[in-house]
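Each remark here refers to the structure printed beneath this line.
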Amino acid sequence: VPLESINYLIVSDNNIIFDSKENYNIDEIFIPKKPMDRIIRDSKGNKLYVNAIMSGNDTSLVYYTVSWDEIFFHSHKNTLNILLIIFVFAIISIIIYNTMLNMISNEVNTIQKGLEKIGDNNLSHRIPTDFKQNGLTEIAQSINHMTIQLQENINRAYQYQQKQKEAELSELQSKFSPHFL
């Protein structure tokens, strides 16, 4: 979209050689005395962006002026759309974050509740291993494996104690038996 307020001028020795607006009235046009690139105010108080460069043998000045308001409008006309897109992506990111956080929290709570049941001497309890998060399945499998090994160790210790009591009982019986004969 071309800028409507843009005006190209070529000035030589304070005479307008070319005016793109075909005004050619030197009293109504801002003519810089030297090269510049800045914002100024014209005689009517309007903000203008001016870019002027020396041309030829430094006797001519080529420059253009553009309304600052028009530049500002054109440079910011898509700002609202961009901010809206950023806002939508931020909301989507927050929703995804909360969903993932809830999913992870639920799976960690499942493991925690399973550990509480195992801690209450329920060694036959097994934690489910169908988790969606990487690592949690391996943790649950390790806990289940540890529980199985713990149950087996307790059973072996119990059997060992039973055998030890049976051995002590037979030893006592063998001590008493000869006396009664």
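In the condition set (1) open to solvent by 90 Å² or more (accessible area, probe 1.4 Å); (2) closer than 16 Å to residue 5 by Cβ; (3) among the polar types (S, T, N, Q), residue 75 is compliant with all but (1). Per the listing 81, 57, 109, 98, the residue uniquely under 30 Å from residue 152 (Cα atoms) and either open to solvent by 80 Å² or more (accessible area, probe 1.4 Å) or modelled with pLDDT of 90 or more (or both) is 109.
Being polar (S, T, N, Q) and in a helix (DSSP H, G or I) holds for only one residue in 133, 149, and it is 149. When residue 103 is tested against (1) assigned to a helix (DSSP H, G or I); (2) exposed (fewer than 13 other Cβ atoms within 10 Å of the Cβ); (3) modelled with pLDDT under 95, only condition (2) is not met.
I'd like to know if the stretch 145-155 contains one or more residues that are open to solvent by less than 60 Å² (accessible area, probe 1.4 Å) and in contact (Cβ under 8 Å) with a residue 12 or more places away in the chain. Yes, the stretch 145-155 has at least one match.
Taking each residue of the stretch 99-119 that is farther than 16 Å from residue 137 by Cβ and looking for partners that are open to solvent by less than 50 Å² (accessible area, probe 1.4 Å) with beta-carbon atoms closer than 9 Å, six or more apart or interchain, yields 100/133; 113/127; 117/125; 117/127; 118/125; 118/127; 118/143; 118/147. Is it the case that residue 4 is touching a residue at least 24 places away in the same chain (Cβ under 8 Å) and in contact with a helix residue (DSSP H, G or I) (Cβ under 8 Å, 6 or more places away or on another chain)? Here the answer is yes, as residue 4 does meet what is asked.
The values are calculated or read from the model by the stated rules, or taken from the named source; none is laboratory data. Computed from a predicted model, the values in this text were never measured in an experiment. Heads up, the Cβs are rebuilt from the backbone with ideal geometry, glycines too, and the neighbour counts pull from every protein chain shown. For the accessible areas, the whole protein counts, side chains as well, though only heavy atoms, and no ligand, DNA or RNA atoms are used. Shrake-Rupley method; radii C 1.70, N 1.55, O 1.52, S 1.80 Å.
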